[in-house]
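Below you'll find the structure, written out as structure tokens, and then a few comments.
The values are calculated or read from the model by the stated rules, or taken from the named source; none is laboratory data. What you see is a predicted model; the values in this text were computed from it and never measured. As a convention, Cβ positions derive from the backbone with ideal geometry for all residues, glycine included, and neighbour counts pool all protein chains shown.
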Amino acid sequence: MYCAKCGKAADESVRFCPSCGAPIGQGFVPPVPNYAAAAYPKGKLMRPQQPRMIAGVCAAFALQYGWDLTLVRALTALAALFTSGAVGLAYILGWIVIPEGPYAPPLQVAAYSAPPPPQPSYGTPPPGTAGDTTGNPAA
């Protein structure tokens, strides 16, 4: 097996390349590309269509600076509570001032989907019960 990043040979039993540390092997799932981040240029702050919750102000800052979106949203909510709403007013101002970005396709989910769960088998109902469709009376 060869490392896709550095091209060096690696043993079949390893999960990471011994030369560069890149993940390889059976258990590696490649990361899902972030199409929303690719649609917005780095120089201009814009509110994205996806993944927004209210107006996209937190998503705009997270995409612009490469921050974790969940962390930005949590810190914004906490700051809005602890500053008596000043950050909430700044959010509304950002909603008005920051331009809306172009439409980008929604974020893609991983290609792997779990198989459907097995359906329970309850068997056939006893003769003469409400679920019996054979018409035989109970013995």
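Structure notes:
- Of the residues making up the range 47-62, those that are at pLDDT 85 or above and either aliphatic (A, V, I, L, M) or farther than 21 Å from Tyr103 by Cα (or both) are Ile54, Ala55, Val57, Ala59, Ala60, Ala62.
- Residue list for the range 69-106, filter: surrounded by fewer than 15 Cβ atoms within 10 Å (Cβ to Cβ), within 24 Å of the chain's Cα centre (by Cα) and not in a helix (DSSP H, G or I): Glu100, Pro102, Tyr103, Pro105, Pro106
- Residues in the range 60-74 that are among the hydrophobic types (A, V, I, L, M, F, W, C) and either under 17 Å from Leu89 (Cα atoms) or in contact (Cβ under 8 Å) with a residue 60 or more places away in the chain (or both): Ala60, Phe61, Val72, Ala74.
- Selection count, the range 1-35, where residues are more than 23 Å from Gly66 (Cα to Cα), at pLDDT 75 or above and not in a loop (DSSP other than H, G, I, E, B): 2
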